[in-house]
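Structure first, then comments.
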Amino acid sequence: MPRHLPMQEFAANAARALQDTQQRQALRAAAATFAARRQAALQQAPDWQRWREQARAVKDHTLQHLDHYLESFERNATARGARVHWAADAGEAVRLVLELARAHAGGLCVKAKSMTTEEVRLNDTLERAGIEAVETDLGEWIQQLAGETPFHILVPAIHKSRGQIAELFAQKIGTPPGADPPALTAAARATLRAKFARAGLGISGANLLVAETGSLLLLENEGNIRLVTSVPKVHVALAGIEKLVPRLADLDVFLRLLPRSGTGQALSTYQSLLTGPKSRPGDEGPEELHVVLLDNGRSRMLAHEVTRPSLACIRCGACLNVCPVYQQVGGHAYGSVYPGPIGAVVTPQLLPLADAAALPFASSLCGACRDVCPVRIDIPRLLLHLRAEVREGTPGVPAAKPARLERIAMRVGAFVMARPRLYRFATGCARLLDRLAGPLLHRLPPLSRWRAGREVPQLARKDFRTRWAQRRRS
Amino acid sequence: MSARETILGAVRGHLGRNAGAGVGPPPPVPLLGRVDLDGPAKLLQFGERLAAVGGTLHLGLADGGLAAVRELLHRRAPAAVARSDAPLVAALCAHADLCRLPWLSPTATKQELFAADAGVTAAQWAIAETGTLVLVHDDERHRLASLLPPVHLCLLPAARILADQGELLRTLGAPLPPAVTFVTGPSRTADIELQLVVGVHGPKELHVVVV
C-alpha cells in the first residue's frame, strides 16, 4: 500500500527532492511542454477571460445554494434510477464502496483515475478486504505497479523516465527490456483489457454533476473511463459535494476551460455524460449506477467567504504546472493527495489544520497560480488566510508558537517601525553594518540560516527618503 | 442522524441557510461559441478540427459511404467487424460489396466485441468547433462497438453537424438518455514523458465518413 511522505516535513521532503536530478529534469521538461500547450490553446480562445468569469459566477452561485442543488441532484438522479448515497467522511465513503464491491465485484474492480478515491484511500480498504482494485489510467496504473502515490493530479507518473517505466513493466508484466512508449502502451492495453472483461464493478470519480438532470460528466483521453463506466455490471462514482453545476447548459463553459487549462486541448478525447443506469434490459451499459456524494471536510470551507472559493476548483492541474515550487520539488514532497498550490490550499482544510500546517508556507506567493486558474481562485490570498490561521489559531486549533527569536525580532521590528526617528537611525546603522561587515554577517546565524536558500541583496547606499528629499531639492 | 442529514445540515449551517430556503436564478447562460456558420462551413471546420486531433474525414455524400467503407475494411482483411444497429449501418452491411465481410451481430457479446478488428457505427450529432462526434446511446447500440475495436468507422449525416457544444447541449434537452459520449479523435495518452501515443484503451484509428 503506497504511503505519502510526512506532510509536516515539507522542508525536508523538498530538500531531498531537490537532490533528485532525474526527477527535476522530468519536471523541467514537463513545465515547458505544459506552458507551450496551454499558450497555444489560449491563443485560439479570445474570450478566455469572459469564460473564466462565467464559470466562476456559476460556481459561486452553486456553492452559495449548495444544499438546494445537492437535493435537486439527488431527486433527479434517483428519478432516473441511480442510487444516491451520502458519505460525511472518508470512512463512510469506503464502507459504501466496499459493500458494493463485496456484492458485485466478483473479486475484481476496475478504476478510472479519481483523486477523490485517492483522498479516501479506497484502494487500501479494498485490498485489505481481498478485492483487487486495478487502476486503468496508464499513468495511475504505472504508479500502482510502482507502489507509489500519484505525483501530479493529471499526469500521475510525470516524474518517471521512459527507461524507468520500461524497467518497471519488464519486472511486473514481462515486457522486453528497453521497450519504447508505444510498446509499453500496447502492453498496458493488453493487460488491462483482460481485467475489464472480468471485473464486476467499475469505480470512477466525476468531473461535474448536473443538478437539473441528475447526470455525471467524466472527461478523459484514453478511453479507460468509458470502459469502466460501460463494461462492468455495476458502476459507482465517488464525487465531492462541490462538483455540482445547476444546469446542463453550464457544462459548455467548463468544457471550454478544463481541457485547455489541463492539457492544452480544445476538448479532451472523450466525455461521458451519464444519467442513470441503462433503461432497457437489452441495452449496453451498467445495470446499476451508484453515486456517492462525499463531504469529508468540504462543507466546512463554505463557512468563510475567503475559504469558500477553494471549492470552486475543477482539478485541472494548471496551478501545479506554473508553480515555481512544484516545478522544483514535485508532487510527493507535499505528502498529500492534492499537491501544488491548490493542494496547499485544500489539504489543510480537508484535514485537521495542524496536520498540514506546513503546506500553506510551501509557496513563494508569486501569484502565477491565480493568473492561470480557470475559475479565478485567489490562491495566494487563501494561503495567507491559512498561514494566519496556523499562526493565530482557530477555534479548536491552538496557535502555532513561533520560534522565540522570530517572536523577539517581530516585536522589536514593530517597536522600531512605529517610531520614525528610531527607524531612521536603525536603518542607518544597518546600512553601515552591511557595508562594513555584510559578507561576514551573512555567514553567521541567524542570517546564515535564512540565506541557505536565498540571495541577500546589498542594501542601497542611500535610503529612499534621502533620495526623495534630494530630488525635490534639485 | 443519517449522513445525508449530517451533510445537508452542515452545508446549511455554514451557509446560514434554512432548509427549503429560496434560490435566485443562476447566472444567465451566454452563447460562448460561433453559431453563424452555414452547412458547408461547418463541414469544413469539422474536417479541419478532426484532422488536427488525428481523425480522418472521408466524403461519402454520393454513395452513402459505400466506397470509403469498402476501401477501409477490405484492405484490413478483418476477422470480425462489429456494427451497431443503426439503419444507415444496416443498409451498408446489406450491400453486395460488403455483405460478405465477417460482420458480428449488432447484439454481439462483450467477448466478441473485445476481439473485433473494426467497428462501424453512425453518430447522432457532430460539433464543428471541436471536430467532435456525439453518440447518443439510446438511439443506437454503439457504446462498445465504437470503443472496443482498434478501428472505429463512423457514418455522419452532414446535416447533423452543429456549430458548437453549446448548441449541442441545447439540442440534447430533457430527458437525457442514460449515456451520451463525445468522441474527439482516436484514444490517446501522454502519460509516459508526455509523449503522445494513440490507441491506448480505445480505437487507434478514427474514420468519419460523411453521408
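Values quoted throughout were computed directly from the atomic coordinates according to the rules given, and no laboratory measurement underlies them. Please read all numbers here as calculations on a predicted model, not as lab measurements. Counting neighbours? That spans all protein chains shown, and the Cβs are built from the backbone with ideal geometry, glycine included.
Data table
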{"read-out": "Peptide ranges A:26-39, A:190-203 listed from the most packed, as the mean C-beta count within 10 angstrom indicates", "value": "A:190-203, A:26-39"}
{"read-out": "Orientation-averaged projected area, Cα convex hull of chain B (nm²)", "value": "17.0"}
{"read-out": "When the range A:17-141 is reduced to its Cα atoms, the Kirkwood hydrodynamic radius in Å", "value": "18.9"}
{"read-out": "Under-5 Å amide H pairs with A:VAL84, H placed in peptide plane, nonlocal only", "value": "A:VAL291"}
{"read-out": "Candidate lysines for bridging to B:LYS110, where Cα separation is under 26 Å - those fewer than 8 sequence places away on the same chain excluded", "value": "A:LYS111, A:LYS113, A:LYS195, A:LYS233, A:LYS278, B:LYS204"}
{"read-out": "Averaged over A:64-76, number of beta-carbon atoms from partner chains that fall within 10 Å", "value": "5"}
{"read-out": "For the range A:428-440, Karplus couplings with θ = phi - 60° (6.51, -1.76, 1.60), whole Hz, Gly/Pro x", "value": "x, 4, 4, 4, 5, 4, 4, 6, 7, 9, x, x, 5"}
{"read-out": "Rounded to 10°, Cα long-axis angle of helix A:404-417 versus longest principal axis of chain A", "value": "60"}
{"read-out": "Kirkwood hydrodynamic radius over Cα pairs of the range A:197-266, then Stokes diffusion coefficient at 25 °C and 0.890 mPa s, in µm²/s", "value": "186"}
{"read-out": "Residue (of B:ALA108, B:ALA62, B:LEU162) at the positive-pole extreme of the protein assembly as shown, dipole from beta-carbon charges", "value": "B:LEU162"}
{"read-out": "C-alpha long axis of helix A:181-198 to longest principal axis of chain A, angle in °", "value": "50"}
{"read-out": "Alpha carbon convex hull of the range A:146-257, projected area averaged over orientations, nm²", "value": "8.6"}
{"read-out": "Convex hull of the protein assembly as shown built on C-alpha atoms - directionally averaged projected area, nm²", "value": "35.8"}
{"read-out": "Calculated FRET efficiency for the pair A:GLU71/A:ALA11, C-beta based, R₀ 56 Å, to 0.05", "value": "0.80"}
{"read-out": "Neighbour-count ranking [beta-carbon atoms within 10 angstrom, fewest first] of A:TRP450, A:TRP141", "value": "A:TRP450, A:TRP141"}
{"read-out": "Residue-by-residue Karplus 3J(HN,Hα) for the range B:175-192, coefficients 6.51, -1.76, 1.60, Hz, glycine and proline x", "value": "x, 6, x, x, 9, 10, 10, 9, 10, 10, x, x, 4, 8, 9, 9, 7, 10"}
{"read-out": "Between helix A:90-104 and chain A: long-axis angle, C-alpha atoms, 0 to 90°, nearest 10", "value": "20"}
{"read-out": "Amide proton proximity set for B:LEU104, modelled H, under 5 Å, gap of 5+", "value": "B:VAL81, B:ALA82, B:ARG83"}
{"read-out": "Proportion of all alpha-carbon pairs of the range A:45-296 beyond 35 Å (%)", "value": "15"}
{"read-out": "Sum of side-chain charges, A:LEU447 neighbourhood, beta-carbon under 11 Å (Lys, Arg +1; Asp, Glu -1)", "value": "+3"}
{"read-out": "Charge tally in the Cβ shell below 14 Å around A:VAL456, where Lys, Arg are +1 and Asp, Glu are -1, A:VAL456 excluded", "value": "+4"}
{"read-out": "15 Å beta-carbon shell around A:THR191, net charge (K/R +1, D/E -1)", "value": "0"}
{"read-out": "Pairwise centroid distance, computed over Cα atoms, of the range B:137-184 with the range B:118-136, Å", "value": "5"}
{"read-out": "Value of [θ]222 nm, deg cm²/dmol, for chain A, DSSP H segments ≥ 4, -39500 (n - 2.57) each, nearest 500", "value": "-15500 deg cm²/dmol"}
{"read-out": "Efficiency of FRET from Cβ geometry, A:GLU287 and A:ALA388, R₀ 41 Å, rounded to 0.05", "value": "0.20"}
{"read-out": "Per-residue mean of C-beta atoms belonging to partner chains within 10 Å, peptide B:39-45", "value": "0"}
{"read-out": "Most to least packed among B:28-40, B:65-77 [average Cβ atoms within 10 Å]", "value": "B:65-77, B:28-40"}
{"read-out": "³J(HN,Hα) computed for each position of the range A:10-17 - Karplus, 6.51 cos²θ - 1.76 cosθ + 1.60, integer Hz, glycine/proline x", "value": "3, 4, 5, 4, 5, 4, 5, 4"}
{"read-out": "Set of the range B:106-127 residues, backbone N closer than 14 Å to the point 7 Å along the Cα-Cβ line of B:ARG76", "value": "B:113-122"}
{"read-out": "The protein assembly as shown, dipole about Cα centre (Lys/Arg Cβ +1, Asp/Glu Cβ -1), debye to the nearest 20", "value": "3700"}
{"read-out": "Whole-number D in µm² s⁻¹ for the range A:404-473, Kirkwood Cα-pair radius fed into Stokes-Einstein, 20 °C, 1.002 mPa s", "value": "154"}
{"read-out": "Compactness of the range A:55-98 as Cα Rg over 2.2 N^0.38 Å, two decimals", "value": "1.41"}
{"read-out": "Sites B:LEU59 and A:ARG280, calculated FRET efficiency, Cβ-Cβ separation with R0 25 Å, nearest 0.05", "value": "0.10"}
{"read-out": "Once the Cα gyration tensor of the range A:87-192 is diagonalised, semi-axes √(5λ) in Å", "value": "28, 15, 10"}
{"read-out": "Ranking of B:ASP85, A:ASP67 by count of other Cβ atoms within 10 Å, fewest first", "value": "B:ASP85, A:ASP67"}
{"read-out": "Per-residue average of Cβ from other chains inside 10 Å of B:14-26", "value": "5"}
{"read-out": "A:ILE173 paired with A:ARG3, simple spin-label distance in nm, labels 7 Å along Cα-to-beta-carbon", "value": "2.8"}
